C-alpha cells in the first residue's frame, strides 16, 4: 500500500535523481513549514476575511469575529472579547431568549416579516451579499470593513442596507467598534410598534444584573428599573468576570444624538439585553417611504474597569465631536 509518507519519500527520491526543483513539484500544503517564532505580520492589529467570516486579532489573539454566513437569520458579531481577560463580553446564545446573537441589527415585525427571531429564514432574513475589508483605510490601530445586506423573504424585500464598521484598539484597556448603517426602504414601511427593533446587544451572563453584574446608563441610573424607557448617551453592562474575579470589564453601546431625530429611549433588561430603540415606545406608527434612507451611527465600547474608570462620558463627547 502506497501511503502518503511513502509517496512523498518516493517523490523526493525521484526529484534528487532528476534535479527537478522541489518547489515546482509539490502543492503548498506539502511544502508548509513550521515557525518557531511569531511571524512579523502577526504583530499588532490584524484582520482576516474568509468569504462570510471576518476575524480581527491583536498580537495573534482574537479580539472579535463577524459572522455573515448565508444560513444565518442575520449577520452578527461574536465573540467580542474583553480587552484584558480575552473572555467574551457578549453571548451568542443564552436563556432566556436563546435567539439573541451577541451584537446585531434586526426588526420584528417589519412589513409582515420577522427579521429578528429564530424562526425559518422564509419568514424573513437579513442576507449579507457583500463583505470586504477596506485595506486602504487600515492603520496600526484600526481596521475597517464594509458590508451590503438585503432584508428579504419570498415576495418582499422591504429594506437594503450598507454598513461600515471600524474597529479601533486605542490602548490596552479599550476596543471601539464604530458602526454606521445606511438603511434604504425598497417598499413603503409602516411599524405600529416593535420592541424588537434595529441595533441590539445581548451581554454575557457574568456582567448582567441577574447574575451579579450591573446595567448603567450615562446618567448613572442603574439596572432595568432605572434605565428602561429613558434616553441616554450610552447604556451598558459591567462586572467582575466569572473566570477572572479579580478583573472588572464591561461593554456599552453609545447612541449618536442624530439617530431617530434625537428621540431614542432605551429598551433594557436585567438578563442582559438592551437596544437604543424608539420603536418599542411608539405612540403613532413609524414610517419610511420607498427610496428613503435612514442613517444610524453607534459606537460600541469594550472596556476594562467601571464606566467611571473607563471615562465613558468623556469618550462619548469626543466621539460625537468628530
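The values are calculated or read from the model by the stated rules, or taken from the named source; none is laboratory data. Predicted, not measured: the structure shown is a model, and the values here were computed from it. Every residue, glycine among them, receives a Cβ derived from its backbone with ideal geometry; neighbour counts consider all protein chains shown.
What to note about this one:
- A single entry from 72, 95 fulfils the requirement of being out of contact with any strand residue (DSSP E or B) (no Cβ under 6 Å at 6 or more places or on another chain) and within 30 Å of residue 186 (Cβ to Cβ): 72.
- Being in contact with a strand residue (DSSP E or B) (Cβ under 9 Å, 6 or more places away or on another chain), surrounded by 15 or more Cβ atoms within 10 Å (Cβ to Cβ) and either farther than 26 Å from residue 190 by Cβ or not assigned by TED's automatic domain parsing to the domain that holds residue 105 (or both) is true of residue 310.
- Yes/no for residue 144 being closer than 25 Å to residue 287 by Cβ, touching a strand residue (DSSP E or B) at 6+ places or on another chain (Cβ under 8 Å) and either at pLDDT 95 or above or not in a loop (DSSP other than H, G, I, E, B) (or both): no
- Among the strands (runs of 3 or more DSSP E) confined to the stretch 209-322, the ones with at least 2 residues that are over 28 Å from residue 62 (Cα atoms) are located at 266-268, 286-288, 293-304.
- Residue in the stretch 48-55 that is within 11 Å of the chain's Cα centre (by Cα) and modelled with pLDDT of 95 or more present: yes
- Selected residue [under 30 Å from residue 246 (Cα atoms), assigned by TED's automatic domain parsing to the domain that holds residue 253 and in contact (Cβ under 8 Å) with a residue 24 or more places away in the chain] from 85, 52, 65, 70: 85
- Filter pass, residue 251 being in contact with a strand residue (DSSP E or B) (Cβ under 9 Å, 6 or more places away or on another chain), crowded, with 22+ Cβ neighbours inside 10 Å, within 20 Å of residue 163 (Cβ to Cβ) and assigned by TED's automatic domain parsing to the domain that holds residue 91: yes
- Checklist (1) touching a strand residue (DSSP E or B) at 6+ places or on another chain (Cβ under 8 Å); (2) modelled with pLDDT of 95 or more; (3) more than 14 Å from residue 254 (Cα to Cα); (4) surrounded by fewer than 22 Cβ atoms within 10 Å (Cβ to Cβ) applied to residue 280, failing item: (2)
- Residues satisfying the criterion are present in the stretch 148-163 (criterion: more than 25 Å from residue 208 (Cα to Cα), in the same structural domain as residue 67 (by TED's automatic domain parsing) and in contact with a helix residue (DSSP H, G or I) (Cβ under 7 Å, 6 or more places away or on another chain)).
- Of all residues in the stretch 92-123, exactly one satisfies the criterion of being touching a helix residue (DSSP H, G or I) at 6+ places or on another chain (Cβ under 7 Å) and surrounded by 22 or more Cβ atoms within 10 Å (Cβ to Cβ), namely 113.
- Flag for residue 285 being in contact (Cβ under 8 Å) with a residue 60 or more places away in the chain, out of contact with any helix residue (DSSP H, G or I) (no Cβ under 6 Å at 6 or more places or on another chain) and either in the same structural domain as residue 110 (by TED's automatic domain parsing) or over 26 Å from residue 160 (Cα atoms) (or both): yes
- Residues located in the stretch 200-221, provided they are at negative phi and either touching a helix residue (DSSP H, G or I) at 6+ places or on another chain (Cβ under 6 Å) or surrounded by fewer than 23 Cβ atoms within 10 Å (Cβ to Cβ) (or both): 205, 206, 209, 210, 211, 213, 214, 215, 217, 218, 219, 221
- Scanning the stretch 123-141 for residues that are outside any strand (DSSP E or B) and farther than 18 Å from residue 109 by Cβ yields 134, 135, 136, 137, 138, 139, 140, 141.
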